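First up is the structure itself, then whatever we jot down about it.
The values are calculated or read from the model by the stated rules, or taken from the named source; none is laboratory data. None of these values were measured; they are calculated from a predicted model. Heads up, the Cβs are rebuilt from the backbone with ideal geometry, glycines too, and the neighbour counts pull from every protein chain shown.
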Amino acid sequence: MEFSEEDYDYENTTYNFTYDDYPAVCEKGDIRSFAALFLPIMYTVCLVVGLAGNVLVVAVYAYHKRLKTMTDAFLTHLAVADLLLLLTLPFWAADAARGWELGEVVCKIVSACYTVNFTCCMLLLACISLDRYLSLVRAQDRDQRRWLQRAFTRKCCWKVCLAVWVTAFLLGLPDLIRSEVRQASDRNICLTIYPSSMARGGKAVLEVVEVLLGFLLPLLVMVTCYWRVGCALRGLPDESRGKKWKALRVLLIVVGVFVMTQLPYNVVKVYRAMDTVYSLVTHCGASKVLDQAAQVTESLALTHCCLNPILYAFVGSSFKMHMMRVAKKFEAKRRKRGSKTTETNVEEGMEMSFNSHTASQETNSFSI
């Protein structure tokens, strides 16, 4: 959430009004009560489900020191970004329920971490779709976009990932620098405060840039790449029709889930940016509806962190192969430990039977 020094008490007061139309202060106690109940529940669900899936992805890929493909590397970075984003949710849940009680330094770090990892997740999704398309191009021996193919190789993988993280970090810098703890109504809140000189234009520009890099660019890349992959799959022979339609269904689900979870949040974000410049919201009721829509749509957007392991890692043959190898190694180690324990018990039993002559005579059919 972003505020200017002139209207930092945005949750409690609406300043976008004329005194003729709306002479009273807009009280938003009901909106805060809704957030105190709704946000902690949603954030807890996202945290529990998201931690389970993303920890498994990181654990499997961490067990394999050398990642085979670019997609494996992107999935690892995506799971790490998801985890870092999810770990900020308990702070925001506590903020919604009781206010901010952890000081300004933690406020700055958590705010920046949220923005950085949210943006990073979206950019990595674009990288995964682009890598899948380029893998198809290489398999068909096409000469198109050689410069892009050279960039998306295992040798340059760290450069692509570094560029993604640096871009996300730059977008998170304003939150790191401008986040403060302010008194609002009867409690403290953690928010981003802009100076009056850039409260309107600068804030709106930053919102639009976040929408462009965090939604429109990934969506454009995903739709373009998966459309071409889908066209190539449709050209496969009829003998592989079952696998072909299964792959197409996965691509449609990936794009569909991205649009359903991210589009409402970014529409609200763009509208709030326009409201900052043109003062579109002039009534208290509309302001309340906009605030509540922002809370609901942002929670919906966060559910994508829980769905990423299912949509990208768990359905991929590479990840399944890695997971099966990890499971087999753990099973082999468990059996090896079990066999050692059995051998030890056998030796102890044999020693007992040899050293106790009376016992051996009484139990001729002694077995372990």
query = How many residues does the range 191-215 hold that are loosely packed, with under 15 Cβ neighbours inside 10 Å and under 17 Å from residue 117 (Cα atoms)?
reply = 2
query = Which one of these is modelled with pLDDT of 95 or more and either part of a loop (DSSP other than H, G, I, E, B) or among the hydrophobic types (A, V, I, L, M, F, W, C) (or both): 127, 113?
reply = 113
request  = Look at residue 261 and say whether it is in a loop (DSSP other than H, G, I, E, B), modelled with pLDDT of 75 or more and among the β-branched types (Val, Ile, Thr).
outcome  = no
message = Take residue 276 and tell me if it is in a helix (DSSP H, G or I), among the hydroxyl-bearing types (Ser, Thr, Tyr) and modelled with pLDDT under 75.
response = no
request  = Could you list, in sequence order, all residues of the range 166-183 that are small (Gly, Ala, Ser) and part of a strand (DSSP E or B)?
outcome  = 179
task = Give just the number: which of (1) in a loop (DSSP other than H, G, I, E, B); (2) out of contact with any Asp or Glu (no Cβ under 8 Å at 6 or more places or on another chain) does residue 196 not satisfy?
result = (2)
task = Name the residue, out of 124, 173, that is under 16 Å from residue 218 (Cβ atoms) and not hydroxyl-bearing (Ser, Thr, Tyr).
result = 124
query = Do we find that residue 168 is under 28 Å from residue 295 (Cβ atoms) and of a type in the set (Gly, Ala, Ser) in this structure?
reply = yes
key: Count of the range 211-242 residues which are part of a helix (DSSP H, G or I) and either hydroxyl-bearing (Ser, Thr, Tyr) or at pLDDT below 80 (or both)   = 9
ask   = Could you give every pair whose Cβ atoms fall below 6 Å, whose first residue belongs to the range 74-95 and is in a loop (DSSP other than H, G, I, E, B), and whose second residue is buried (at least 20 other Cβ atoms within 10 Å of the Cβ), counting only separations of at least 6 or pairs across chains?
value = 88/110; 88/114
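Every residue, every condition in (1) acidic (Asp, Glu); (2) touching a strand residue (DSSP E or B) at 6+ places or on another chain (Cβ under 8 Å); (3) in contact (Cβ under 8 Å) with a residue 12 or more places away in the chain; (4) over 30 Å from residue 89 (Cβ atoms), yes or no:
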{"position": "243", "(1), (2), (3), (4)": "no, no, no, yes"}
{"position": "261", "(1), (2), (3), (4)": "no, no, yes, no"}
{"position": "270", "(1), (2), (3), (4)": "no, no, yes, no"}
{"position": "277", "(1), (2), (3), (4)": "no, no, yes, yes"}
{"position": "282", "(1), (2), (3), (4)": "no, no, yes, yes"}
{"position": "294", "(1), (2), (3), (4)": "no, no, yes, no"}
{"position": "300", "(1), (2), (3), (4)": "no, no, yes, no"}
{"position": "303", "(1), (2), (3), (4)": "no, no, yes, no"}
{"position": "325", "(1), (2), (3), (4)": "no, no, yes, yes"}
